[in-house]
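This report concerns only the one structure given below.
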Amino acid sequence: MRFFNTYSREIEEFEPRDPAARLIRIYTCGPTVYSRAHIGNFRAYIFEDLLQRHLELRGYKVHRVMNITDVDDKTIRGAREAKVPLAKFTQQFKQAFFEDLKTLRIKPADEFPAATEQRYIDRMIDMIGVLISRGLAYQAEDKSVYYRINKFPNYGKLAHFDLTQLQSTGRVKHDEYDKEHIGDFALWKAWDEEDGDVRWDSPWGPGRPGWHIECSAMSTALLGDQIDIHCGGVDNIFPHHEAEIAQSEGVTGKKFVCCWLHCAHLLVDGQKMAKSLDNFYTVPDVLAKGYTGRELRYALMRVHYRAPLNFTWDGMNEARESLARIDEWLARLHEIAQKENVQLSTANAQRPIEKSEFEEALDDDLNISAALGLLFESIRETNRAMDENKLDAATASAWLDWWKRINTVLDVEAEAEIVVPPEVAQLARERENARREKNWKRSDELRERISVLGWEVRDTKDGQKLARRAAK
RNA sequence: GGCGGGGUAGCCAAGUGGUAAGGUCGCGGUCUGCAAAACCGCUAUUCGCGGGUUCGAUUCCCGCCCCCGCCUCCA
């Protein structure tokens, strides 16, 4: 298995730290719950889901942690503006986040630690204390505690940044006069009036943790000093992940992460989808357009994680049509598999793959496009065999088993068959009668009425078949 | 300016030192009363541009152009 490690900027052979246990520890940066996450955020989570599921398919056990940032500038501002306590303000977005995960069929992490949990606050304070004692951090005049990046030689190595070249983009206000170096980042932010009652006591006075330290505290608390894989979006490389390395290694003295994986952005009209650009869609926005969670899942998953993905409604339609092709294929296979059929001649060429090309494609830095290509090639091959009546029940079952296996990774199968509404069933019965009388005009009329109700009727040699069709 | 990612058919997108998977869309055909689904066929003499290496490059090297992102709290 090979992954592109951001740290080395190379494709590397992946080896778990603990090969015997076949356990892989993964830390993934989660949402800041100040508003509903947008689908660009979920692209990252779907990439991580794909990663986890593939590792599991390959027989590894995955222990994955995803943090929830429920205290920072934005959440505090949001709570203040809404005039509700911070915890109440963030609760609604936590809940929305979990709903969206479910809609997109993203496997929940094993743990979702929140930054405001006392045990993590305590741990953050402990870590900051160690960093200060080692000269890696200092309290400035503004009472905040900062990381002294010049004392950590590897700082900048992940992002490949030369610290002397750092430029301010003006995006964030600096209290430059208080810091020794413009690149020093806050570990502990001293309380000020804007924070209201959001405050914790610390040896450095009241305040709240900086953003980066929470991930160091949670990852080491839940996964140990060293973890196998750490993921996030490319925008997290600097400064967030750089800071995490400095903090975690500054405390433990051990190499923090073996493999860093970062996914590219979701774009809209060629630009990064972002709250600040106001060009984002949420999961409910997409559902409101008539698409399903699995369609969005597929649309966000089908492009390699390191390539930018432009979100379009054409892309959503393509996802829909591709899934419909899979659905049709599965329905045909099920039908044949259930027949107690006599031996049909199934040529060897149509035998299901013991071959594991699908998994092997994913082994190669999660090459999902190649994997899906293999799936669709298999679909065409088996459809052809079925058209020629050359696929027997045993072979169909074997193909279904194969699908079942790869679908543990994809998880894009349609929801269980939806019951045909009585209204539609009634129209279908009428149409059947009309067809018996060869009353084509009436038959077509009924087909149209059924279509308006969101169902498609097909005439096969075994009679009418009804399939649910999403509106185009 | 520094550091990354990307540039392959209308759109999306794999890939290899030997002449381009797959999806979607469109067109033609088989099937059908007509459709739908499925299948068959067609759709990039060409892989951002210009050089170089090579018998041969989209793939390796050099230079350049374009798009997107990061450069101190954005997945």
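Applying the criterion of being touching a Phe, Trp or Tyr at 6+ places or on another chain (Cβ under 6 Å) and in contact (Cβ under 8 Å) with a residue 40 or more places away in the chain to the residues of the range A:6-34, the residue that is nearest to RNA strand B (Cβ to nearest atom) is A:P31. In the range A:261-285, the qualifying residues are those that are β-branched (V, I, T) and under 16 Å from the mean Cα position of the chain (by Cα), and the one that is farthest from RNA strand B (Cβ to nearest atom) is A:V283. When the residues of the range A:1-20 are filtered to those that are part of a loop (DSSP other than H, G, I, E, B) and among the aliphatic types (A, V, I, L, M), which remaining residue is surrounded by the fewest Cβ atoms within 10 Å (Cβ to Cβ)? Within the range A:1-20, the match that is surrounded by the fewest Cβ atoms within 10 Å (Cβ to Cβ) is A:A20.
Just one of the numbered conditions (1) part of a helix (DSSP H, G or I); (2) polar (S, T, N, Q); (3) at pLDDT below 95 is not true of A:N389: (1). Of A:A414, A:A370, A:A394, all but one fail to be touching a helix residue (DSSP H, G or I) at 6+ places or on another chain (Cβ under 9 Å), open to solvent by 30 Å² or more (accessible area, probe 1.4 Å) and not in a helix (DSSP H, G or I); the exception is A:A414. Filtering the range A:221-232 to residues that are surrounded by fewer than 23 Cβ atoms within 10 Å (Cβ to Cβ) and in contact with a Lys or Arg (Cβ under 8 Å, 6 or more places away or on another chain) leaves A:A221, A:L223, A:G224, A:D225, A:Q226, A:D228.
Looking across the range A:331-344 at every residue that is buried (at least 19 other Cβ atoms within 10 Å of the Cβ) and not β-branched (V, I, T), the one that is modelled with the lowest pLDDT is identified as A:A337.
Residue check: A:T252 meets all listed conditions (1) in contact (Cβ under 8 Å) with a residue 60 or more places away in the chain; (2) out of contact with any His (no Cβ under 8 Å at 6 or more places or on another chain); (3) away from RNA strand B (no atom under 11 Å from the Cβ) but one, namely (1). Residues in the range A:254-286 that are among the aliphatic types (A, V, I, L, M), within 29 Å of A:Y7 (Cβ to Cβ) and crowded, with 19+ Cβ neighbours inside 10 Å: A:V257, A:L261, A:A264, A:L266, A:M273. Looking at the range A:80-88, can you tell me whether even one residue there is assigned to a loop (DSSP other than H, G, I, E, B) and under 23 Å from A:K272 (Cα atoms)? No - not one qualifying residue is present in the range A:80-88.
Tallying residues that are buried (at least 16 other Cβ atoms within 10 Å of the Cβ) and in a helix (DSSP H, G or I) within the range A:301-314 yields 1.
The values are calculated or read from the model by the stated rules, or taken from the named source; none is laboratory data. Owing to the predicted nature of the structure, the values given are computational and were not obtained by experimental measurement. Cβ coordinates were reconstructed from backbone atoms using ideal geometry, including for glycine residues, and neighbour counts include every protein chain displayed. What goes into the accessible areas is simple: the full protein's heavy atoms, side chains included, and nothing from ligands, DNA or RNA. Shrake-Rupley method; radii C 1.70, N 1.55, O 1.52, S 1.80 Å.
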